[in-house]
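Asker: Before we start, here is the structure in question, set down as C-alpha cells.
The values are calculated or read from the model by the stated rules, or taken from the named source; none is laboratory data. Quick caveat: nothing in here was measured; it's all calculated off a predicted structure. Neighbour counts are summed over all protein chains in view; Cβ atoms, including those assigned to glycine, are modelled from backbone coordinates with ideal geometry.
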Amino acid sequence: MRIMAAALMGSALVLAACGDEPSTSDAAPAAEGPEVAAAYQEVDEALAESEAPLCPGPGAFRPAPATDGSNAGAPHFRYTDGRIYELGPCEIPAEQRGELRVYRYEDTAQRGQAAASSLDRNPRPAFMWTSGDRLLVEEWVFTPAEIDPAFDEVVGTVHDAVSALPETEGVS
C-alpha cells in the first residue's frame, strides 16, 4: 500500500502552489470549541499514531483560510472549518513539502459536492478521501519531481494512516 501511495504521490501533477487558496503559513491554530476539535479527533490520533513528522511539530496544524460558507463560489470552498497539516521532514524546503488538508462541511451532500468540485479543479489534490459524514481529506504534493526520499516515506505513512480511518473512503 505504501509503495502504491508513494507512486501516486510521485506521479501527481500538482503545481508548486495550490493556486486557488491563500497561503496562511506560520498562522497559529485558531481557538475552537469542543465540537470542532471532536470532528478532527480521529485524524489527529491517526497522525500521532503514525508518527509522521508535521511541521513545525507533532500535532501542529494551521486553520484553513476563512470562507464565507455557503456563499463561496466553488463547492469545495463551502467548508465550515478546516485544518492544514504541513508534512515533514521539516529540514526540506517548504516548497517541497506537502500538506494534508481536512475540511468539515455542513452535511454529507455538501461534502459530496465539494469532493466533485475539487476533482474538477486544476491544480487538484494528489489524493482525496471522505471521512464520516462531513469531512473531506485532501493530500497535496507540490513538487513531485523534486521530492526528497524522506518525504516520499512520510507521504506513504500519512496515506496509510488516513486510509485506515473508520468510515473513510478514497475518492476518484
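Asker: For the subset of segment 34-56 comprising residues that are of a type outside the set (Gly, Ala, Ser), farther than 23 Å from Tyr105 by Cβ and touching a residue at least 60 places away in the same chain (Cβ under 8 Å), which member is surrounded by the most Cβ atoms within 10 Å (Cβ to Cβ)? Let's see the steps before the verdict.
Answerer: So in segment 34-56, the residues of a type outside the set (Gly, Ala, Ser) come out as 34-36, 40-45, 47, 49, 51, 53-56.
Add one more test, that the residue is farther than 23 Å from Tyr105 by Cβ, and what stays is 49, 51, 53-56.
Retained after the next criterion (residues that are touching a residue at least 60 places away in the same chain (Cβ under 8 Å)): 49, 51, 53.
Numbers: Glu49: 10, Glu51: 11, Pro53: 22.
So the residue we want is Pro53.
Asker: Pairs, please: C-beta under 6 Å, at least 6 apart or cross-chain, first residue farther than 17 Å from Asp133 by Cβ and in segment 93-117, second aromatic (Phe, Trp, Tyr)?
Answerer: From residues that are farther than 17 Å from Asp133 by Cβ, the pairs are Gly98/Trp140; Glu99/Trp140; Leu100/Tyr85.
Asker: Answer yes or no as to whether Pro166 is at pLDDT below 95 and surrounded by fewer than 17 Cβ atoms within 10 Å (Cβ to Cβ). Explain how you work it out, then say what you get.
Answerer: Details: at pLDDT below 95: yes; surrounded by fewer than 17 Cβ atoms within 10 Å (Cβ to Cβ): yes.
Considered against the rule, which asks whether it is at pLDDT below 95 and surrounded by fewer than 17 Cβ atoms within 10 Å (Cβ to Cβ), Pro166 comes out as yes.
Asker: Suppose we keep only residues that are basic (Lys, Arg) and at pLDDT 95 or above within segment 90-119. Which one would you say is nearest to the chain's Cα centre (by Cα)? Step through it out loud before you land on a result.
Answerer: First, the residues of segment 90-119 that are basic (Lys, Arg): 97, 101, 104, 111.
Filter again for at pLDDT 95 or above, leaving 101, 104, 111.
Numbers: Arg101: 2, Arg104: 11, Arg111: 14 Å.
Among them, the one singled out is Arg101.
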